[in-house]
Amino acid sequence: MSNNKTEGKKGNCLSIVVPCYNEEEMLPTTVDVLTELIESMITAGKISERSFVLFVNDGSKDRTLPMLRDYAEKRRHVCFVTLSANRGHQSALIAGLMEAKKYADMMISIDADLQDDINVIPDMVDKYLAGADIVYGVRSGRKTDSFFKRTTAQLFYKLLAAMGVKTVYNHADFRLMSKRSVEALSEYREKNLYIRGLIPQLGFNTDEVSYERKARTAGESKYPFRKMLALALNGITSFSTKPLQMITSIGIVVLITCFAAAVYAFISYFMNDVEKGWTSLILSVWFLGGVQLLSLGVIGEYIGKIYAEVKNRPLYFIEDGNMSSASDDCSD
Ligand code: UDP
Ligand code: MG
């Protein structure tokens, strides 16, 4: 698992990236807990003194922004950036990672409500130092979620898997990423962001830590059902063209049914127990329906290809190599 070539050379400046939307109730605790954690890891010699917590204010309408300004001024290891408007959790997270990678060697993303267990953060750092580029925080269970959230979330993961989308089961956006994996992520320029679907595509050395997710202690969930559904749809449509391919399959099924209907219609016709015109009418309906669906499916195949091109995802990332035998000047 560990990559010996990079071991020992790894920088150890950590940035904990925290997207915040209307988190005034939670913020005092979050700032205290995370800065204490950073300080204890600095004292233990695990991370560099330059390590910091980066809060990303996602266009909050409450006192989150003035509070962050104040904390960043008074507290060591606290930084913040603020977005010009509410752009949603995924965009806030990307903004934070892109900002943090300018200064830090590894980044850990975590929600402001600290539902994810911060006690596994030192383990994540250990795994990074041992050679992992991406360390997933994976929940061991969903006991603290409501029945509704638990079942809808599980249904969603199953649906994603059925659509052929690779995800890490029971992992949300609590993870450590090395600078180079965040740099790789920055090459995905798509606007419909579903980050946890992108990360497994990056490759690199990965590892996991598992933890129990707690209930929110202050404030309310900023992910109502409406936003969850939008995220789920985005997850599917950003990674899978299966829904388009399904149109082709339905078209084929309808055409096959058309032949069965033809047999039935002709038998009825020869048995003389049908109204005049019914046979040709029913056959046209099935046949045209099938042809139309199949044609839509063919168009869908092309749209799927165009979609992949438009997203312009990177084809590969070079992880390592040795080019010392290649000369700078090969022309002579
Ligand atoms: N969040 C954000 N922008 C939004 C909605 C949420 O930055 O538009 C942040 C929020 O402040 C929190 C994280 O995303 O840090 C996850 O939100 P929440 O804990 O409310 O979601 P849940 O845990 O209920 O899924
Ligand atoms: Mg939460």
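The values are calculated or read from the model by the stated rules, or taken from the named source; none is laboratory data. Keep in mind that what you see is a predicted model, and the values were worked out from it rather than measured. When we count neighbours, we look across all protein chains shown, and the Cβ atoms used for this are built from the backbone with ideal geometry, even at glycine. Keep in mind that these areas ignore ligands, DNA and RNA; they rest on the heavy atoms of the full protein, side chains included. Shrake-Rupley method; radii C 1.70, N 1.55, O 1.52, S 1.80 Å.
Data table
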{"item": "Selected residue (criterion: nearest to ligand 1 (Cβ to nearest atom)) from residues of region 90-107 that are touching a helix residue (DSSP H, G or I) at 6+ places or on another chain (Cβ under 8 Å) and open to solvent by 10 Å² or more (accessible area, probe 1.4 Å)", "result": "Gln90"}
{"item": "Whichever residue in region 108-129 is within 15 Å of ligand 1 (Cβ to nearest atom) and either in contact with a Pro (Cβ under 8 Å, 6 or more places away or on another chain) or modelled with pLDDT of 95 or more (or both) and, among such residues, is nearest to Ser15 (Cα to Cα)", "result": "Ile108"}
{"item": "Restricting region 97-125 to residues that are over 24 Å from Ala184 (Cβ atoms) and under 20 Å from the mean Cα position of the chain (by Cα), the residue that is farthest from ligand 2 (Cβ to nearest atom)", "result": "Asp117"}
{"item": "Yes/no for Ser181 being of a type in the set (S, T, N, Q), out of contact with any Cys (no Cβ under 8 Å at 6 or more places or on another chain) and buried (at least 21 other Cβ atoms within 10 Å of the Cβ)", "result": "yes"}
{"item": "Subset of region 297-315 (residues that are outside any helix (DSSP H, G or I) and open to solvent by less than 90 Å² (accessible area, probe 1.4 Å))", "result": "Arg313, Pro314"}
{"item": "Test: residue in region 145-167 that is away from ligand 1 (no atom under 16 Å from the Cβ), open to solvent by 40 Å² or more (accessible area, probe 1.4 Å) and more than 18 Å from Ser238 (Cα to Cα)", "result": "no"}
{"item": "Selected residue (only one of Leu198, Leu229 is at pLDDT below 85, among the hydrophobic types (A, V, I, L, M, F, W, C) and closer than 29 Å to Glu309 by Cα)", "result": "Leu229"}
{"item": "Inter-residue pairs, beta-carbon under 8 Å, first open to solvent by 50 Å² or more (accessible area, probe 1.4 Å) and in region 218-229, second near ligand 1 (Cβ under 7 Å from one of its atoms) and in a loop (DSSP other than H, G, I, E, B), 6+ apart", "result": "Lys227/Gly88"}
{"item": "Residue ID - most open to solvent (accessible area, probe 1.4 Å), chosen from residues in region 78-89 that are in contact (Cβ under 8 Å) with a residue 40 or more places away in the chain and touching a Lys or Arg at 6+ places or on another chain (Cβ under 9 Å)", "result": "Asn86"}
{"item": "Among residues of region 187-217, those that are open to solvent by less than 80 Å² (accessible area, probe 1.4 Å), assigned to a loop (DSSP other than H, G, I, E, B) and within 16 Å of ligand 1 (Cβ to nearest atom), counted", "result": "5"}
{"item": "Flag for Ser140 being in contact (Cβ under 8 Å) with a residue 12 or more places away in the chain and more than 29 Å from Glu99 (Cβ to Cβ)", "result": "yes"}
{"item": "Any hit, region 235-243, residues being farther than 30 Å from Asp113 by Cβ, part of a helix (DSSP H, G or I), open to solvent by 50 Å² or more (accessible area, probe 1.4 Å) and of a type outside the set (Gly, Ala, Ser)", "result": "yes"}
{"item": "Some residue of region 140-150 being modelled with pLDDT of 90 or more and within 16 Å of ligand 2 (Cβ to nearest atom)", "result": "no"}
{"item": "Neighbours by Cβ (under 6 Å, 6+ apart or cross-chain): first from region 48-73, free of Cβ contacts under 8 Å to residues at least 40 places away in the same chain; second within 16 Å of ligand 2 (Cβ to nearest atom) and in a strand (DSSP E or B)", "result": "Val53/Ile16; Asn57/Cys20; Asp58/Pro19"}
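Yes/no matrix, rows are residues, columns are (1) surrounded by fewer than 17 Cβ atoms within 10 Å (Cβ to Cβ); (2) in contact with a His (Cβ under 8 Å, 6 or more places away or on another chain); (3) among the polar types (S, T, N, Q):
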| residue | (1), (2), (3) |
| --- | --- |
| Val17 | no, no, no |
| Asn22 | no, no, yes |
| Val33 | yes, no, no |
| Ile38 | no, yes, no |
| Met41 | no, no, no |
| Ile47 | no, no, no |
| Phe52 | no, yes, no |
| Ser60 | no, no, yes |
| Lys74 | yes, no, no |
